[in-house]
Amino acid sequence: MAEKVAVIGLDCAEPSLVFDKWRQELPSLGSLMQRGLWGRLRSTDPPITVPAWSCMVTGHDPGSLGIYGFRNRRDYSYDKLSVADSRWVKPERIWDRLGHLGKQAIVMGVPQTYPPSAINGVLVTSFLTPDPRRDQFTAPDSLRQEVETLVGPYHVDVRNFRSDDRDRILAELYEMTEQHFTLARHLLDTRDWDFFMSVEIGTDRIHHAFWSFLDPDHPRYEPGHRYAEVIREYYRYLDDEVGELLTRFDEDTLVLVVSDHGAQAMHGAVAINEWLIANGYLVLKEAPETTAPLRGDMVDWSRTRAWGEGGYYCRLCCNVKNREPNGIVEPGDYEALRDELIAKLEALPGADGEPIGTRVYRPEDLWPVQNGIPPDLVVYFGDLAWRSNGTVGHGRIHTFENDTGPDDANHSRYGLCIAAGPGIPRHDEQVDGLSIYDIAPTILHAFGQPIPSEMGGRPIGTFD
């Protein structure tokens, strides 16, 4: 058993960079790897910040949570999409379970904790806080003044990180990250705690802004660019900050360093609604004069069978009779339509006519239970190397930019996990088979608690 558990989250941290490319340059993370076990951490489907972190801290999958991305359908109408904030997460999170046992928690930056709710300890919300200058971002409320006295106005995210103003992005990213780790050290030094968890969003933001300067596989890669070392230097900086935290954890503390997914080059985007229009599945009342987001009032629903959402993956929805307000797909034709869409989308080539390896899933293939309103099909263009572009008016199917601003990276299925401390056997080689659903059971197991049957995964310390 462990006396304490500390979870250091690095959103989007890419395992190939930590385990292979730069391992010798990251002594703090390397020391943990030498003491315990490490390996790629299979993310959720979809491998997206929301819902991945909530899956990690509840042990529930996206279908069980009813959260399929940042925005989700509220009902079967065409336009009602809502951001999934803390109120969408119904199962107890790990710090709530520990709180029932009287254990004190420090929770910082975990996505889907805004708006904040009381815990047995202290909580600081994440980048999903609309405006920390205006909106409450701490629990208890009184912690806000302490935070702002310590670090000044608190930054939960980099402003407009999908921008060509990369020098500004980089400066804000370091300022934000320094604030987060300064606050983490302060809370660890001034609070009694049994469980600590922080999530740094900076790793995600630097990948999206600078990946093309790092990865020779990126279509816009420029050898020798002045930004070539930006991500590497940030990882070194993060390693130093992590090292400062590690000095606060004794040998009776189980330490986990985790990421919710990894990163890879974004090779392009598929304008899903343009493809649906070209193939007769989606009919607009009239073609837009300029590129624009698809809105319900633009669509002739009496002739439309399917439409799609943009994002790291495509959520494709069918216009089903007696389900959607103006549905035309007969329930008896639903499976045939899905089969047809799967076959055509998986065969869709890139702009050069070559296969890109798109994978399409039915929701029931990914999640045994689907709460809320899942998409009818889950589409990973290029097996996640291509983004889904939901806008219309391009006049073409393939684009090479993000519809929400410049973006260098897409997500990959594997994050990372490094575990060291009580109950964790030492491994010299990378451990296979780790899952994001193993983290909550590992924490409970470390405190000698039973694992609820509804949790997926198993305690990491029980791996051979």
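The values are calculated or read from the model by the stated rules, or taken from the named source; none is laboratory data. Computed from a predicted model, the values in this text were never measured in an experiment. Backbone-built Cβ (ideal geometry, glycine too); neighbour counts: all protein chains shown.
Can you report the number of residues in the range 265-298 which are surrounded by 14 or more Cβ atoms within 10 Å (Cβ to Cβ) and under 17 Å from Gly310 (Cα atoms)?
Qualifying residue count for the region: 18.
On the basis of being under 27 Å from Asp239 (Cβ atoms), assigned to a helix (DSSP H, G or I) and not polar (S, T, N, Q), does Glu148 make the cut? It is false that Glu148 is under 27 Å from Asp239 (Cβ atoms), assigned to a helix (DSSP H, G or I) and not polar (S, T, N, Q).
Here is a yes/no grid of residues against (1) in a loop (DSSP other than H, G, I, E, B); (2) modelled with pLDDT of 95 or more:
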{"position": "Thr290", "(1), (2)": "yes, no"}
{"position": "Ser302", "(1), (2)": "no, yes"}
{"position": "Gly308", "(1), (2)": "no, yes"}
{"position": "Leu316", "(1), (2)": "no, yes"}
{"position": "Arg323", "(1), (2)": "yes, yes"}
{"position": "Gly327", "(1), (2)": "yes, yes"}
{"position": "Gly332", "(1), (2)": "no, yes"}
{"position": "Ala336", "(1), (2)": "no, yes"}
{"position": "Asp339", "(1), (2)": "no, yes"}
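What do you reckon, is Glu178 touching a helix residue (DSSP H, G or I) at 6+ places or on another chain (Cβ under 7 Å) and either outside the structural domain of Phe19 (by TED's automatic domain parsing) or of a type in the set (Asp, Glu) (or both)? Answer is no for this residue. Remark: pairs (first residue in the range 1-24, at pLDDT below 95 and among the small types (Gly, Ala, Ser); second residue assigned to a helix (DSSP H, G or I) and crowded, with 24+ Cβ neighbours inside 10 Å; Cβ separation under 8 Å; 6+ apart in sequence or on different chains) = Ala2/Ala446. Picking from residues in the range 54-78 that are of a type in the set (S, T, N, Q) and touching a residue at least 60 places away in the same chain (Cβ under 8 Å), the one that is nearest to Phe196 (Cα to Cα) is Thr58.
Strands (runs of 3 or more DSSP E) fully within the range 1-101 that include at least 3 residues being surrounded by fewer than 19 Cβ atoms within 10 Å (Cβ to Cβ): 81-83. Residues in the range 116-127: is at least one buried (at least 19 other Cβ atoms within 10 Å of the Cβ), in contact with a Pro (Cβ under 6 Å, 6 or more places away or on another chain) and free of Cβ contacts under 8 Å to residues at least 40 places away in the same chain? Yes - at least one qualifying residue is present in the range 116-127. Every condition in (1) among the acidic types (Asp, Glu); (2) modelled with pLDDT of 95 or more; (3) within 17 Å of Lys21 (Cβ to Cβ) holds for Asp217 except the one numbered (2).
For every residue, the table says whether it meets (1) in the same structural domain as Pro46 (by TED's automatic domain parsing); (2) among the β-branched types (Val, Ile, Thr); (3) within 12 Å of Gly461 (Cβ to Cβ); (4) modelled with pLDDT of 95 or more.
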residue	(1), (2), (3), (4)
Thr399	no, yes, no, no
Leu416	yes, no, no, yes
Ala420	yes, no, yes, yes
Gly423	yes, no, yes, no
His427	yes, no, yes, no
Ser435	yes, no, no, yes
Ala440	yes, no, no, yes
